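Below: the structure, in structure tokens.
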Amino acid sequence: MDDDGDFPSISQIIRDLAARESVSIGEIVEVFGTRAFGALLFFFALPNLLPLPPGSSTILGAPLLLLAPQVAIGVAAPWLPRAVDDRRLAGADLSRAFGRLLPWIERFEKISRPRMAPLFSPWGERVIGVLCAALAFVLILPIPLGNLLPALTIGVFGFSLFQRDGLFAVAGYVLAAFSGFLLYLAADVVIGGVRLLLNWLSGA
């Protein structure tokens, strides 16, 4: 990933994309260039924080399931199947999806800067990719409100990769740990409930 300080901000790129009548996923990848991995993780994760129609997290999570493993194995540039690459998004839909998020993105951009570079070594990026891949899998599961924290975590990791900001990467690791803890608690509750049900049925 390049570190060109003159690279347009992610918020400006999103505004430019939303101003178009429509844009394909392939064109989005091309616009983000050598920083596409971080930007695309961010781009597909963040809308999941907003109220969306049922099934939207599955649609938005599918590209994340394709992209995050590529970060994990150290692929140089994103690859997407032609069916995904050619899919077009309306600019109006992008504007609705990011309209409420853009002011927050711009605030974070103002305080963000490249730092803690060792976190973005090849191995550092691969660790981020592994975590994002696991979270993307959780994101597409039909768990009520279960997509919010994974989406936020992937978005923060994507932002850190795009900005080369280790502070946000650390925040991503903290959120990933918290996500794992909550998933463990949720799984423990579900397993406990199943055991109680089986015990009740066996005693009936």
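What follows is calculated from the coordinates using simple rules that are stated; it is not laboratory data. All of these numbers come straight from a predicted model, not from anything done at the bench. Using ideal geometry, Cβ is built from the backbone for each residue, glycine included, and neighbour counts are taken over all protein chains shown.
Side notes on the structure shown:
- Mean projection area, nm², convex hull over Cα of the range 62-118: 6.0
- Label-point separation, Ser121 to Val84 (7 Å along Cα→Cβ), nm: 2.9
- Length gained on full extension, Gln12 to Val31: 5.7 nm, using 0.36 nm per residue less the C-alpha separation.
- Rounded to the nearest whole Hz, the Karplus-based 3J(HN,Hα) values (6.51 cos²θ - 1.76 cosθ + 1.60, θ = phi - 60°) of the range 95-100 follow the sequence 4, 5, 5, 9, x, 7, with x at glycine and proline.
- Ordering of 173-182, 82-91, 122-131 by burial proxy (mean other Cβ atoms within 10 Å per residue, highest first): 122-131, 173-182, 82-91
- Each principal axis of the range 102-163 carries a Cα extent, and these read 36, 32, 11 Å when sorted largest first.
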